[in-house]
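I have a structure here, written as structure tokens, and I will follow up with some questions on it.
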Amino acid sequence: MISGSIASRYAKGLFEFCQENNELESIYPTIRHLLEILSKESKLHEVLEDITLTPDEKISLIERVSGNTFLPKTLKQFIALIIKKNRTDILFNVFLIFRRIYLNSKNILDVELLMADELTPPALEKIKAKVANTLNSACEIDVKVKPELIAGYTLIVNGKVFDSSIKGQLSSVKKILLEKKFENR
């Protein structure tokens, strides 16, 4: 919990600094990209926490894996500060909290769409437009393929889950059957 409050303070500080210097729009896409990479590459967390690497090597590694050899100056300095303060373990959480603060400040809903199968880009764009229209709000939609859903989708909007997957329906049926079984005893 302590590291969560520390991450929160760092995220708020970065957000406020970026806001004061009109850098939010240039830094946010890079942070979002880094979040995607960090969430997919669990080994990267371990490497960044390796004490045998120098702070400069860690920063260089972040630049290389991001696909950007150029990180915005403010973000690069911020990452360097986190690394030099030996707080690399909270970097991912700082970025997550920064993302949440950014979306809230822009009144953008955080939407996660879990699909059983890959979709074509045109179908995906139609779904994104439909979700934004239905929710009557700007949305940032992250789409993830989860074959274990069997078919259908699960929509998570600001933490609320709307499950329309076969797996979700089977789980509901199972729960009902188990409740009936225990009621009949």
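Go ahead and estimate [θ] at 222 nm for the chain from helices alone: -39,500 (n - 2.57) per DSSP H run with n ≥ 4, summed, over the residue count, rounded to 500.
Values: 8 runs with 115 residues, N = 185.
Rounded to the nearest 500, it is -20000 deg cm²/dmol.
Quick check on the chain: of the DSSP beta bridges with both residues there, what percent are antiparallel, nearest 5%?
On the way: 9 of 16 bridges.
Rounded to the nearest five, the antiparallel share is 55 percent.
Given C-alpha coordinates of the stretch 2-104, what is the ratio Rg to Rh with the Kirkwood estimate of Rh? Don't skip to the end; give the middle numbers.
Numbers: Rg = 12.6 Å, Rh = 13.6 Å.
Taking Rg over the Kirkwood Rh, I get 0.93.
In addition: Within the stretch 36-128, list the chymotrypsin sites (Phe, Trp or Tyr not before Pro) lying in a DSSP loop whose Cβ has at most 11 other Cβ atoms in a 10 Å radius. Mind showing how you got there, number by number?
Details: sites: 70, 78, 92, 95, 98, 102; in loops: 70.
For chymotrypsin sites (Phe, Trp or Tyr not before Pro) across the stretch 36-128 that sit outside H, G, I, E and B with at most 11 neighbouring Cβ atoms in 10 Å, the list reads 70.
So, R0 is 35 Å and r is the distance between the beta-carbons of residue 150 and residue 125; what FRET efficiency does that work out to, to 0.05?
Numbers: r = 24 Å, r/R0 = 0.69.
Taking R0 as 35 Å, the efficiency between residue 150 and residue 125 is 0.90.
Dividing the convex hull volume of the Cα atoms of the stretch 109-183 by its residue count, what figure in Å³ per residue is obtained?
Working: hull volume 6.9 nm³, N = 75.
Here the figure is 93 Å³ per residue.
Hey, which of these cross-link pairs are over 18 Å Cα-Cα: 146/175; 40/130; 12/106? Walk me through the numbers on the way to the answer.
Working: 146/175 22 Å; 40/130 27 Å; 12/106 15 Å.
Too far apart for the 18 Å limit: 146/175; 40/130.
Ok, one more. Evaluate the Kirkwood expression for the hydrodynamic radius of the stretch 46-143, namely the inverse of the mean inverse distance over all pairs of different C-alpha atoms, and round to one decimal in Å. The partial results should precede the final answer.
On the way: mean 1/r = 0.0620 Å⁻¹.
When all Cα pairs of the stretch 46-143 are included, the Kirkwood radius is 16.1 Å.
Any chance you could list P(r) for the chain, counting all Cα-Cα pairs in 10 angstrom bins from zero, rounded to whole %?
Whole-percent P(r) values from 0 Å outward: 8, 28, 29, 22, 10, 3, 1.
Straight distance only, please: which lysines reach the Cα of residue 84 with their own Cα at less than 17 Å, same-chain residues fewer than 8 apart left out?
Cross-link targets: 58, 73, 76.
Let me ask something else. If you stretched the chain out fully between residue 22 and residue 39, how much longer would it get, using 0.36 nm times the residue separation minus the C-alpha to C-alpha distance? Write out the running numbers ahead of the final one.
Details: separation 17, 0.36 × 17 = 6.12 nm, distance 2.73 nm.
Net length gain for the segment: 3.4 nm.
No lab work stands behind these numbers, since they all come straight from the coordinates. Remember, it's a predicted structure, so these values are computed and weren't measured experimentally. Ideal geometry is used to build each Cβ from the backbone, glycine not excepted, and the neighbour counts take in all protein chains shown.
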